[in-house]
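The block underneath contains the structure these notes are about, expressed in structure tokens.
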Number of protein chains: 2
Amino acid sequence: MALIVQKYGGTSVGNVDRIKNVAQRVAKFKMLGHQVVVVLSAMSGETNKLIELAKSIQKIPDPREMDVLVSTGEQVTISLLSMALKDLGLKAKSYTGSQVRILTDDSFTKARIVSIDEARIRADLDSGHVVVVAGFQGVDEQGNITTLGRGGSDTTGVALAAALKADECQIYTDVDGVYTTDPRIVPEARRLKSITFEEMLEMASLGSKVLQIRSVEFAGKYKVKLRVLSSFEEGGDGTLITFEDDEIMEQAIISGIAFNRDEAKITVTGVPDKPGIAYQILGPVADANIDVDMIIQNVGADGTTDFTFTVHRNEFTKALDILKSAQSQIGAREVSGDDKIAKVSVVGVGMRSHVGIARSMFKALAEDGINIQMISTSEIKISVVIDEKYLELAVRVLHKAFNLDQEPA
Amino acid sequence: MALIVQKYGGTSVGNVDRIKNVAQRVAKFKMLGHQVVVVLSAMSGETNKLIELAKSIQKIPDPREMDVLVSTGEQVTISLLSMALKDLGLKAKSYTGSQVRILTDDSFTKARIVSIDEARIRADLDSGHVVVVAGFQGVDEQGNITTLGRGGSDTTGVALAAALKADECQIYTDVDGVYTTDPRIVPEARRLKSITFEEMLEMASLGSKVLQIRSVEFAGKYKVKLRVLSSFEEGGDGTLITFEDDEIMEQAIISGIAFNRDEAKITVTGVPDKPGIAYQILGPVADANIDVDMIIQNVGADGTTDFTFTVHRNEFTKALDILKSAQSQIGAREVSGDDKIAKVSVVGVGMRSHVGIARSMFKALAEDGINIQMISTSEIKISVVIDEKYLELAVRVLHKAFNLDQEPA
């Protein structure tokens, strides 16, 4: 008998039939003798609908009231799933974040979990109940309703699994696992049996939106066994997220190819090469609350330097305007930008112990005439920025170059 | 400066524009220097939508989960109104029933309020906030969400007014007060400046659905000054619900004509006239959870008696079937029924000190050829059951007979 936390996303509970399907799946695990805690998101589209409603009342909705509003989304699904479970003859009980007491800080709309009181859940499990918990939400010290921000239901699932010392946290989603890359671009893309937390973090932050990043960090910190599964297909094993110190089932050098079309780059050229210049350039950008991703600086020959960084494409114009206003103060020759770029990354913990990955990557891209505009590396990934029109080609080329369509030896 | 509790029903907060209108009205009271607590229902139609959703999952939805589900309706409106108030530059804060701590018993879907912790609300009022509270809901000792049953938002308003010792509890609805009868039937019907609690109870239970009965009982018990007002028209004074020991502004003998089309009558004739017969007849009906309204028994000449009672029309067939099965056991000659009836009542505390009201009533009906099938009286009302086709005529005749179109002297 195991204790399993299962988290189902918005599409998995998007209508009455799907909620009944989730109940059937939960019932199967229960019949096998497992204890099951279910964490749910709101029905897909519901949270956005509520946000739109709020904006039609107050242009920038009050954060405290926003959380009161959007937290109703999961309250609806937990009650409906509990009814569906009872309809199958199971004992079931729903809890809002506040009822469990998922204590968070008071940062409305982006709260962080401080602690979880697992006593009530434990008692219900011991008396044979399926416990159905609202994801994404909690309560602060003052009893105000809080939410964890977008995708926070994954975090709730992992945090509950950690608090309950669950045997496994299963994240059900509309994909059946983590792939070597997006199968819509590379049909040969292969589902990974396992992936390390570090790789998953890189894959997630680079745009493989299978899991919310914070939940992966959480799982890593509390050593929660995390598995990504499809809520629509039966019988698959999904992808297990492993720790590097676990026995690793497949030891590939490269696990996958991630990519991101949401970035734009800004280049400041002919800047006097003196201390403090990076701060002078990025200071005003940070003051405007714009997140910067890649940053590259090259020393030039004539005592000046070129500085390039990427931002989210939505903030491209704003960032460009800021730097153009600051241009003369910085003493730059030119400020230019390009929002027709894409970032492609190879990710793999194997890089740590293997040399020549970067060379193989650059060679493969060069052979197909793909020009590299920026390069950035970390311990387990190499990212390049290229013209966005080459994105699909680059992903296919790299997937093939690293033999990702084949199971590792 | 007064402390006012304002309750707005579902149609008053039925869409974004109406919510903004409520915010404007609240702002006016706030600007006059009053402290305001607002109690809200769910948007009109929302609760029914959620109930339908539940029934599509579980035929008879689990009551605990039902309350988790439907309580989201008010949670949506309180957050939206708080945003609208903030948008007008006011300080505002929303509370669910559980957050206030409106403690109830654990009778899910029809809970009763046990106590209200008014400390948080008081503190917010003192710091200049408008406090927006979800009607219809509470929380039990175990922290489970409960609801008060249909129309329970009125009860929340009155209970909060009692707990806060508010100067007035204003119930905003889609009518601008309590009328001498339904203006759709009698165009001359007049809005009452005031009505006593006892009369209101009779009017409400007889089908003038302006206020939920339980809220009127509550107001009477805790001496809460209650006023019914229109949320769509400006400037009216509505109808004040008074206590009999208050100075009464208009002392009419009869306050209004109430009526009810929802009943059906069942007659058991030729029953042996012996002790226990009423129990024998009504026992099986009560066992089937069918509410009985009027009951009349007449002793006959031949040692038998006739027994007639009314039930809600929805339960007519069920009740009739029960009695037909029990007929031989009771020893009745015949069991018959009629669901084409209506009940009309004259209501007025003045009856206590005036004689001849019944005679005037029966005379007026007789003059227009309306046959009376049943009569039932209480201290402040006289009800008759007639053929439903005479209902409108009877209401008009009685309204005129008691001069209800004219202000009392």
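Miscellaneous remarks
- The stretch B:298-318, residues that are open to solvent by 40 Å² or more (accessible area, probe 1.4 Å), more than 24 Å from the chain's Cα centre (by Cα) and touching a residue at least 24 places away in the same chain (Cβ under 8 Å): B:VAL299, B:GLY303, B:ASP306, B:LYS318
- Put simply, of A:ILE295, A:ILE266, A:ILE290, A:ILE257 the only residue that is open to solvent by less than 30 Å² (accessible area, probe 1.4 Å), closer than 27 Å to A:MET351 by Cα and outside any helix (DSSP H, G or I) is A:ILE257.
- In the stretch A:29-52 there is no residue that is under 12 Å from A:THR147 (Cα atoms), more than 23 Å from the chain's Cα centre (by Cα) and open to solvent by less than 40 Å² (accessible area, probe 1.4 Å).
- Annotation note: of B:VAL100, B:VAL133, the sole residue that is within 24 Å of the chain's Cα centre (by Cα) and modelled with pLDDT of 95 or more is B:VAL133.
- Within the stretch B:339-378, considering residues that are open to solvent by 50 Å² or more (accessible area, probe 1.4 Å) and of a type in the set (D, E, K, R), the one nearest to B:ASP293 (Cα to Cα): B:LYS340
- Only residues that are open to solvent by 30 Å² or more (accessible area, probe 1.4 Å), more than 7 Å from every other protein chain (Cβ to nearest Cβ) and closer than 22 Å to B:ALA54 by Cα were counted across the stretch A:55-99, and they come to 4.
- Every residue from the stretch B:100-134 that is away from every other protein chain (no Cβ under 11 Å), among the small types (Gly, Ala, Ser) and touching a residue at least 12 places away in the same chain (Cβ under 8 Å): B:SER107, B:ALA111, B:SER115, B:SER127, B:GLY128
- Among (1) at pLDDT 85 or above; (2) in a helix (DSSP H, G or I); (3) of a type in the set (A, V, I, L, M) - the single one B:VAL216 does not satisfy: (1)
- Across the stretch B:23-54, the number of residues qualifying as under 29 Å from B:ALA166 (Cβ atoms) and away from chain A (no Cβ under 11 Å) comes to 20.
- Matching residues in the stretch A:252-280 - criterion: being among the charged types (D, E, K, R) and within 29 Å of the chain's Cα centre (by Cα): A:ARG261, A:ASP262, A:GLU263, A:LYS265
- Filtering the stretch B:101-138 to residues that are touching a Gly at 6+ places or on another chain (Cβ under 7 Å), of a type outside the set (A, V, I, L, M, F, W, C) and surrounded by fewer than 20 Cβ atoms within 10 Å (Cβ to Cβ) leaves B:THR109, B:LYS110.
One line per residue, one yes/no per condition, for (1) part of a strand (DSSP E or B); (2) farther than 22 Å from A:TYR179 by Cα:
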residue	(1), (2)
A:GLY337	yes, yes
A:LYS363	no, yes
A:ILE370	no, yes
A:THR377	yes, no
A:VAL385	yes, no
A:LEU391	no, no
A:VAL395	no, no
A:ASP405	no, no
A:PRO408	no, no
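The values are calculated or read from the model by the stated rules, or taken from the named source; none is laboratory data. Quick caveat, the model's predicted, so the values are computed rather than measured. Backbone-built Cβ (ideal geometry, glycine too); neighbour counts: all protein chains shown. Heavy atoms of the whole protein, side chains included, go into the accessibility calculation; ligands, DNA and RNA do not. Shrake-Rupley method; radii C 1.70, N 1.55, O 1.52, S 1.80 Å.
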